[in-house]
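Report on the following structure.
The values are calculated or read from the model by the stated rules, or taken from the named source; none is laboratory data. Values in this document were obtained by computation on a predicted structure and should not be read as measured data. Please note: Cβ atoms are built from the backbone with ideal geometry, for glycine as well, and neighbour counts cover all protein chains shown. Calculation scope for accessible area: heavy atoms of the full protein, side chains included, ligands and nucleic acids excluded. Shrake-Rupley method; radii C 1.70, N 1.55, O 1.52, S 1.80 Å.
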Amino acid sequence: MSDQNPAPAAENSRPRGAAPEFSVCVYCGSRDGGSPAFAAAAEELGRALAAQSWRLVYGAGDVGLMGRVARATQAAGGATFGVIPTHLLHAEVGKRDLTQFVVTETMHERKKVMFMNCDAVVVLPGGAGTLDEFFEVLTWAQLGLHSKPIILLNIDGFWDPLIALLDHVIARGFASPSLKGLISLASDPAVAISQLGGS
């Protein structure tokens, strides 16, 4: 797993004339999880993104860690870009007061729009949906479809079993050791910000 500072990816598909800004897509749970450390990390990450003048890109929910990272970013004066599918507007309490709020028809569209509008990915603790998002962008990186940094924010050792699973996949011959070089581990939000070139 890379411990180097990954370089920001090239400019993505923002509209012509749009002000350049570094955007970080945060994948995370729509629940708070079982440890107060998860909520604290989400809020710290939101404040840190705003302090760097980086835009938060996320799933537009106002519940769980999703809501915490967004509210913290907003409270600190940061820009927010949220994307949510129609069928989750109620369940995830679509947060309509974001800088930009996009509603899609499907989950596939949601993930595509989020990824196209970011320069890097940070993965907080979460459930099946967060794992789905993580493995999709990891697979795309493995296939050479992008070179955006992917950081696992390993709060309280949450992602240790996932790292062990990747080691198992490599050990059993289903991936090369280079797979782990496509992601970085960060023990807290400050480390993640530093890995992305922030201060």
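Give me, ordered by chain and number, the residues 5 or more places off ILE151 or on other chains with an amide H under 5 Å from its own placed amide H.
VAL121, VAL122, VAL123, SER184
Which values of log₁₀ I(q)/I(0), to two decimal places, follow from the Debye formula for the chain at q = 0.13 Å⁻¹ with a uniform point scatterer at every Cα?
Log10 of I(q)/I(0), two decimals: -0.64.
Please report the spacing between the Cα centers of the range 160-183 and the range 43-107 in Å, no decimals.
Between the Cα centres of the range 160-183 and the range 43-107 lies a distance of 31 Å.
Which of the aspartates and glutamates could a cross-linker bridge to LYS111, judged by Cα under 17 Å and excluding same-chain residues fewer than eight apart?
Cross-link targets: GLU92, ASP119, ASP132, GLU133, GLU136.
State the cysteines of the chain left without a partner when partners are defined as other cysteines whose beta carbon lies under 4.7 Å away.
For the chain, the answer is CYS28, because their Cβ atoms have no other cysteine Cβ under 4.7 Å.
Pull up the cross-link candidates among the lysines for LYS180, meaning alpha carbon to alpha carbon under 17 Å and not fewer than 8 places away within one chain.
Result set, ordered by chain and number: LYS148.
So, with a 1.4 angstrom probe, what is the percent of accessible area on the range 53-199 that is carbon and sulfur?
C and S fraction of accessible area: 57 percent.
Can you check what the Kirkwood hydrodynamic radius comes to for the range 18-132, Cα pairs only, in Å to one decimal?
Kirkwood radius, the range 18-132: 13.6 Å.
For the range 76-178, report the accessible area per residue in Å² (1.4 Å probe, heavy atoms, rounded to an integer).
In whole numbers, the range 76-178 has 48 Å² accessible per residue.
Give me, ordered by chain and number, the residues 5 or more places off THR104 or on other chains with an amide H under 5 Å from its own placed amide H.
Excluding prolines and chain starts, which carry no amide H, the hits are ILE84, THR86.
Remind me, what semi-axes does the range 85-199 give for its equivalent ellipsoid, largest first in whole Å, using sqrt of 5 times each Cα gyration tensor eigenvalue?
The equivalent ellipsoid of the range 85-199 has semi-axes of 26, 17, 15 Å.
What Rg and what Dmax come out for the range 108-154 when only alpha-carbon atoms are used, in angstroms?
10.2, 27
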